[in-house]
1. What FRET efficiency comes out for the pair B:Ser254/A:Gln286, r = Cβ-Cβ distance, R0 = 51 Å, nearest 0.05?
2. Taking H as built 1.01 Å from N, whose amide H comes closer than 5 Å to the amide H of A:Asp167, not counting residues under 5 places away?
3. What nm distances, shortest first, do you get from the label point of A:Pro330 to those in the other copies when the point sits 7 angstrom along Cα to Cβ?
4. Nm distances between the label at A:Gly101 and the same-position labels in the remaining copies, 7 Å along Cα→Cβ, shortest first?
5. Taking the Cα centre of segment B:75-143 as the origin, how large is its charge dipole in debye, to the nearest 20, when only Lys and Arg (+1) and Asp and Glu (-1) carry charge on their Cβ atoms?
6. Once the piece of chain linking B:Asp110 and B:Glu125 is laid out straight, how much longer is it, given 0.36 nm per residue of separation minus the C-alpha distance between them?
7. Taking +1 at the Cβ of each Lys and Arg and -1 at the Cβ of each Asp and Glu, which of B:Ala87, B:Ile273, B:Leu208 sits farthest along the dipole of chain B towards its positive end, judged by Cα position relative to the Cα centre?
8. Test of understanding: what is the full-extension gain from A:Ala145 to A:Ser99, defined as 0.36 nm times their sequence separation minus their Cα-Cα distance?
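The numbers here are math on the coordinates, done by the rules we state, and not lab data. It should be emphasised that the depicted structure is a prediction, and the values quoted were computed from it without experimental measurement. Every residue, glycine as well, gets a Cβ built from its backbone with ideal geometry; the counts of neighbours run over all protein chains shown.
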There are 2 protein chains.
Amino acid sequence: MLPVVQASVPAQGSSIFDVAREAGVSRATAARALGGYGSVSEEARRRVEAAAEKLGYSVNSVARSMVTGQTMTLGALIADVSNPFFARVIRGFTDGARSAGYDVVLVNTDETVDSEIHGLKVLTEKRVDGILVAPASEEASEHLASAVDHGQALVQVDRFVPGLDTDVVVVNNYESGYQAVKRVIAIGHTRIAAPLQRTRGHDGHANLISSMLERHQGYRDAMAEAGLTVPSAYTPPAHGRSEVRTAVAGMLNSADRPTAVFGLDDSFTLGIIDAVYGCDLVVPDQVSIFGFDDTEWTTVVRPPLSVIAQPAYDLGTCAAQALLHRIHAPDAPRQTHVLPTTWIERGSIRDLTRTG
Amino acid sequence: MLPVVQASVPAQGSSIFDVAREAGVSRATAARALGGYGSVSEEARRRVEAAAEKLGYSVNSVARSMVTGQTMTLGALIADVSNPFFARVIRGFTDGARSAGYDVVLVNTDETVDSEIHGLKVLTEKRVDGILVAPASEEASEHLASAVDHGQALVQVDRFVPGLDTDVVVVNNYESGYQAVKRVIAIGHTRIAAPLQRTRGHDGHANLISSMLERHQGYRDAMAEAGLTVPSAYTPPAHGRSEVRTAVAGMLNSADRPTAVFGLDDSFTLGIIDAVYGCDLVVPDQVSIFGFDDTEWTTVVRPPLSVIAQPAYDLGTCAAQALLHRIHAPDAPRQTHVLPTTWIERGSIRDLTRTG
DNA sequence: CCCTCTGTTGAGCACGTTCTCACTCGCGCA
DNA sequence: TGCGCGAGTGAGAACGTGCTCAACAGAGGG
């Protein structure tokens, strides 16, 4: 009877102990050869490398993390990856992390505080080295403050909780909204609408999002500065594309129809376009539209859409850099990075100062 | 001089040992109380829970993984999260994983074999319990085969490497392309174009992607079956929106202009629309367009776009389920899940059998 | 009184790695 | 010969957890 030949590549993976035995050296020597530290003879190094190759050895990062105290992993707590804006932020974040040898665990919160709390707990237990967060609420943020107190490296992106002592990476939402509306006023518009993000707090929390609030505040200040009043019907609270569609359809059918509508984000702008088409209105002749965030589709609608473009990818890379810097220097002063937006004039806004 | 009071919540986090000491019990008892196994007296349980609360104790998942051998983490090796299709797949995948207590590490490959190899290596070292992969190439896949041989749980999504022994979750790409083109032929079109995905192999690999190939094969078979010849100018190889735009603009300006153009994916369809607009052609009067994948913008272009909709989110959840099942039952027979697509008729295809 | 059974507890091993410490050996120099 | 020195090596600690094993106390039955 032939002896059973042991499989050269065990299913459960081989440890450095197996490599050492195969190479005929101790664990310490094998570790030195593979880890590239200490001093190892040329002969031993060759044998260890051959053994590792033969056994298909793969370092166990989990065990390494036990010793080093770092997981080389970052966490990302965002609303929804399938939202194109966050998708680009995440892409930038993973690229920035990866170039420094870090990987990213992704958690979606759907703007829900409960999910954010649970996600934060899981990421903490997984001992990620840092966390990117787009906070779900300005109000309910004790869990984030607690994480910061425990020394967790945190960076807030897109929006931020006032008073939370972390690095922040945002665009100038207030100024962008203010300037865009000012431009639209300058070409003769006086009736400008801007649906407001509706707070939805099934858990009793307000869910105020600073970025949306600031954009809207910029809009209101530009209106007020020009001496224009904003009827409350122009700022209906809504959540998501279909609610915006309904709300905007209502105001477009009213006697006091706005001449321009401002979409605070991608989904709002889509809802506004839906409503305009539903009311059979012509853009920009009968109603002008402008939005926040320049997604891929803004050039395939007719007329192409004028937008405030924000550098979503760069927000992600910048956040990664800030976070890695924080991990490296925990006590360095917190920084707020404000990235510039770009006004892209296309053809969706009518110039009312020109006749015809 | 006042004695220095030790911080109640140490920055580097407390272990179960600290909790046990605080509660005045042994590590084993504290572990039992917190882990909910074995038997612990009511008194001890209360003291341990109070101590854990006071110290802000958080289980160390890394150490737990050392013992249990599982990380409760899955990996995702996809081309690009900022691609809306993959963003939705990933959302479905993370949702499916999360509902079973798993988290997801995200790695982008940009359809590059080198990145895929490196990403697979990292995920393996991190000892993820399973990996979702949208293979970058049919040809260069030894690394994937090797992972399967080593017992790594793998599921292929959107596309697959023939002969690779894993679960597969796809849509019926061939049939979808075939049926769509057959419909278009049925309403009188004979000159139908479909730009082909260009293989870009800077590393010498072919980078053939089965999903794109199958859609295109369906198109060619439908054409052949109707006795229609496809000039090579109708299937220019291109990569990405701008290359497609250029290629399609060329054929639209030629004498042998197609009456309909089929976009094999989201970015192709966008490029086709770019070209049509650039040539000042009217859709569908002068040229018809239909595409694969129903993204959010397909209803805001005029006319709204007729598409083959695919359940991207469901692909993700289905892949998560398949992967979790595989982890639980490593030797169960491999399955291929084919999810249905939906033909959505909107208004971007002209019926040539009707006059006017 | 002794024995058994049950509830509760603590000691200690294992996971796989990184890294420190101590040891051996060969060589050069006083 | 004795000593120091450096290269190379192995033993072993540490990280924090899950879990097994043995011990111990108290209750209850014979």
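1. 0.85
2. A:Leu154, A:Gln156, A:Gln335
3. Values, ascending and in nm: 3.8.
4. Result, one decimal in nm: 3.2.
5. 440 debye
6. 3.3 nm
7. B:Ala87
8. 13.7 nm
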